[in-house]
């Protein structure tokens with residue numbers, strides 16, 4: 001029979017982990033250099049949506065300098081945001097590892113009951129439940145890994161330095177931004193109307209293809225998904241801009 005207080009402790013620990021990481025989870029997981037490709041995509045999407053909004057509102061000022069300025073500002077923000085999010089995740093993992101080490105050392109019987117509760121919830125019954133518990137509790141390092149993964153849902157893996165993560169993502173976003181926005185600075189308005197949608201589509205397709213290769217997904221599926229998202233959001237942005245500007 002599993003102690004109800006042990007089950008409550010496990011539930012509380014999982015809830016705390018979710019609360020701490022929820023606000024930054026999509027960024028906190030972005031600690032691989034490949035995430036810079038997604039940041040480049042987002043930079044392209046930002047430039048595209050900003051230009052579409054300007055068209056919807058009927059803004060006639062030169063778009064190039066505005067797109068470059070906002071895009072670079074976004075790149076800096078995105079780099080800082082991913083660095084901060086990675087640091088939050090790293091510090092939390094470090095705190096939880098230290099806390100679990102102390103609990104394993106100072107309260108071994110309590111940890112043993114938690115292991116029993118976790119595997120009982122998975123459907124294991126005696127005598128196998130005791131055998132599993134004995135095996136896992138026989139080695140502190142193995143028990144630490146199990147408690148981090150099973151109790152908190154936190155998987156121990158290499159996390160790059162937050163500064164490095166921030167630089168990767170800032171550079172990725174800046175590259176996507178500049179590749180799309182910089183040519184607008186020297187284009188005529190009628191050329192820009194062709195370049196921005198076509199350039200955004202081409203750049204996104206290239207980035208999606210590279211991303212798909214690195215993540216072992218279908219390039220066509222990734223490209224179609226990214227392009228569809230961008231097109232739908234662009235259409236919605238244009239319509240809202242026209243509506244708010246009283247041009248519809």
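Values quoted throughout were computed directly from the atomic coordinates according to the rules given, and no laboratory measurement underlies them. Predicted model, so just to flag it, every value in this text is computed and none were measured. Here Cβ is always computed from backbone atoms with ideal geometry, including for glycine, and neighbour counts include all displayed protein chains.
Numerical summary
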read-out	value
Gain upon complete extension [residue 160, residue 60; 0.36 nm per residue less C-alpha separation]	31.6 nm
Stokes-Einstein D for segment 111-203, Kirkwood Rh over Cα pairs, 20 °C, 1.002 mPa s (µm²/s)	118
Theoretical gain in end-to-end length, residue 80 to residue 243 [0.36 nm per residue, Cα-Cα removed]	55.3 nm
Sequence of 203, 144, 76 once ranked by neighbouring C-beta atoms within 10 Å, starting from the fewest	76, 144, 203
Additional length obtainable on full extension of the chain from residue 33 to residue 217, 0.36 nm per residue less Cα span	64.5 nm
Highest average packing first - 179-186, 41-48, 122-129, Cβ atoms within 10 Å	41-48, 179-186, 122-129
Percentage, to the nearest whole number, of Cα pairs in segment 175-248 over 18 Å apart	53
Footprinting exposure proxy for 74, 57 (fewest neighbouring C-beta atoms within 10 Å first)	57, 74
